[in-house]
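The values are calculated or read from the model by the stated rules, or taken from the named source; none is laboratory data. What you are looking at is a predicted structure, and each value in this text was computed from that prediction instead of being measured. Reconstructed Cβ throughout: ideal geometry from the backbone, glycine too, with neighbour counts over all protein chains shown. When the accessible area is computed, the model is the full protein with side chains, heavy atoms only, and any ligands, DNA or RNA have been set aside. Shrake-Rupley method; radii C 1.70, N 1.55, O 1.52, S 1.80 Å.
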Amino acid sequence: MERLDPGRAPGRLTLIHRFGAKSIGDALPGLIEAVRAEGGQPLWICDAMHGNTQTTSGNVKTRNFEDVYSEVEQACDIHRAMGGSLAACTWN
């Protein structure tokens, strides 16, 4: 952040997280806190497609829709609970 956004302009940086549905609850709050501690005010995006990759027995990469949806839903809830927002969270 220091090199790319030394003035800490809101929205200057875009941070894309991709933890997966199983890990986001443990990992994302700490990341948000660390960014805030440094004065960062990024645009947050959740890339749930990459965080939930599975490989079939035929060695084909795929995703389970429920996992992708769960990660996005959790991301919105976490950002909201921490007083922030995810770029695409518009439902109540």
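Odds and ends about this structure:
- Filter result (open to solvent by less than 30 Å² (accessible area, probe 1.4 Å) and under 18 Å from residue 85 (Cα atoms)) within the range 40-63: 40, 42, 44, 46, 48
- Taking (1) under 16 Å from residue 21 (Cβ atoms); (2) of a type in the set (A, V, I, L, M, F, W, C); (3) assigned to a loop (DSSP other than H, G, I, E, B) in turn, residue 87 satisfies each apart from (1).
- The C-beta contact set for the range 21-33 (first residue free of Cβ contacts under 8 Å to residues at least 24 places away in the same chain, second residue assigned to a loop (DSSP other than H, G, I, E, B) and surrounded by 13 or more Cβ atoms within 10 Å (Cβ to Cβ), distance under 7 angstrom, 6+ apart or interchain) comprises 27/19.
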